[in-house]
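See structure below.
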Amino acid sequence: MPLPVPSAWDLRANGSEWDLVIQGVDSNGNATGWIRWGLPGQTNISNASWSESAQALTFDLPFDDGVQHWTGFLFNAVGTPQDSYQFAMAGTSVDERFPPRVTFGWFALGWMSG
């Protein structure tokens, strides 16, 4: 299944609610998008790529004092609590700013936004 673009996602990470938007994926698998969480504005994701064979989205989320590395795997959202969700992703983020625990889980439920 190709990564749905453009798409919007309700993302939950380490107890926080975030918005993820994937704007596009080019023919080489390079993805563009942004994340917003509780603060005004949004942060563009960087080094983002989509692997069709692995059904995996990877991206970096830059901060002033470091970067988080995210990996998520796409699957069908059949059986999600709300019918408006069409897709689901789950994965991990790595943030070395918070030792000793640096790996965190996340999931997102999404829909076509275009």
Student exercise, the chain dipole from Lys, Arg, Asp, Glu Cβ charges, in Debye to nearest 20: 140
Using a simple spin-label model with points 7 Å from Cα along the Cα→Cβ vector, what separation in nm is obtained for Asn76 and Asn47? 3.4
Trypsin sites (Lys or Arg not before Pro) in segment 1-107 lying in a DSSP loop, each with at most 13 other Cβ atoms within 10 Å of its Cβ, come to Arg97, Arg101
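Ratio of segment 1-106's C-alpha Rg to 2.2 N^0.38 Å, to two decimals?
Working: Rg = 13.6 Å, N = 106, 2.2 N^0.38 = 12.9 Å.
The value comes to 1.05.
Could you compute the net charge surrounding Thr43? Neighbours are other residues with a C-beta less than 12 Å from the C-beta of Thr43; K and R count +1, D and E count -1.
On the way: positive: Arg36; negative: Asp19, Asp60, Asp64.
Here the count lands on -2.
Read-outs: derived from the displayed coordinates by stated rules, not from any lab. Note that this is a predicted model, so its numbers are computed, not measured. For neighbour counting, all protein chains shown are included, and Cβ atoms are generated from backbone atoms with ideal geometry for every residue, glycine included.
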